[in-house]
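The values are calculated or read from the model by the stated rules, or taken from the named source; none is laboratory data. What you see is a predicted model, and the numbers here were worked out from it, not measured in a lab. Glycine gets a Cβ as well: all are built from the backbone with ideal geometry, and neighbour counts include every protein chain shown. Just so you know, the surface numbers come from the protein's heavy atoms only, side chains and all, with ligands and any DNA or RNA stripped out. Shrake-Rupley method; radii C 1.70, N 1.55, O 1.52, S 1.80 Å.
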Amino acid sequence: SAGGGDSHPHDSHPHESEGGGLSVLLAMRAKKLGAKSAMPIKARPVGTADGIFLGDEWSRPRDLAHVVSAYINPYIKHGVGQRKKTVADLGVRGGRVAAELVGRVERLWCCDLSDRMIERAQVALGPRNDIRWIHMRAVPELPAVFSMVFDFVYAFDVFNHMDLHLLHRYLGQMHKMLKPGGHAFFSVANISSEAGWRRFASQGDHSVGGFFFYAPSTIELLCSKHHLKIVKSSHPELRPTDWEEAPPGHKDFGKGFHDTNYENMYVARDLLLVVQRTDAVGHGGSAGGAGSFAPS
């Protein structure tokens, strides 16, 4: 559970604090998932695809590994003599994505609305000095101390469940959190992809456990309004036959996939995007253009 007051992102003492948060919709979804996902939790070695995490049942290990490789790893790298990145995970849930980053970044801020999800992630990741935990509020409004302090922010497989108004608010929070020039990664359900359309057509009405679907043009508009330039995006027709960089320690590290029949579930169904903050201070700066979708 969360406790104490707000914490500065560079605070060297591990403790929980309250910040802005995910919607009530995600809280209900977290409760629903928690009820059906009472599987044992085992922390896998950092940077590998072994072990069990809440959420591992949603996709194959290599689906997630490709996403981390192509959409996260290139943006958390640091050169010789450079400091490691400060990163935020908006919607940590069971910690399956966070497990791929710990030890490779300066500090990872793991955020979630659900106490249960935070507790699961804490068990899965174990005690670490480079992780901070934030119990988020239902209204996505982070305290001013979190403004322009993060090099990279990500929300993977989280925004799929948000409606347009809530997504608009969260992209504003991402912009607020990023340093000028910083990057963010997120995904949404893509109605224009074949797999996304099939899911949409079979879903019926929007619900907590279902998806809210977007056309790429809508996301491009939102990013433009929030001064977030699209620098990388997925394309459902392109198969990830080669990884840009497999996670260190992974069984396929140093090798690419050459399985032409392999289709990544997330790439086929969703729109995956990396965006960059292009203005210097607030929304009054120059957006520098939204950019167009650049297939990965």
- Any hit, region 132-141, residues being open to solvent by less than 10 Å² (accessible area, probe 1.4 Å), modelled with pLDDT of 90 or more and not hydrophobic (A, V, I, L, M, F, W, C): yes
- Message: Against the definition (closer than 25 Å to L171 by Cβ, outside any strand (DSSP E or B) and either modelled with pLDDT of 50 or more or among the β-branched types (V, I, T) (or both)), how does Y262 come out, yes or no?
- Response: no
Okay, helices (runs of 4 or more DSSP H) sitting entirely in region 57-164 with 1 or more residues that are under 22 Å from L273 (Cα atoms), I get 61-71, 73-76
Within region 208-231, residues of a type in the set (S, T, N, Q) and exposed (fewer than 14 other Cβ atoms within 10 Å of the Cβ) come out as S217
Among (1) modelled with pLDDT of 60 or more; (2) open to solvent by less than 20 Å² (accessible area, probe 1.4 Å); (3) assigned to a loop (DSSP other than H, G, I, E, B), L54 falls short only on (1)
Of the residues in region 206-249 that are farther than 14 Å from L272 by Cβ and hydroxyl-bearing (S, T, Y), the one that is modelled with the lowest pLDDT is T241
Residues in region 143-170 that are open to solvent by less than 10 Å² (accessible area, probe 1.4 Å) and farther than 21 Å from H206 by Cα total 5
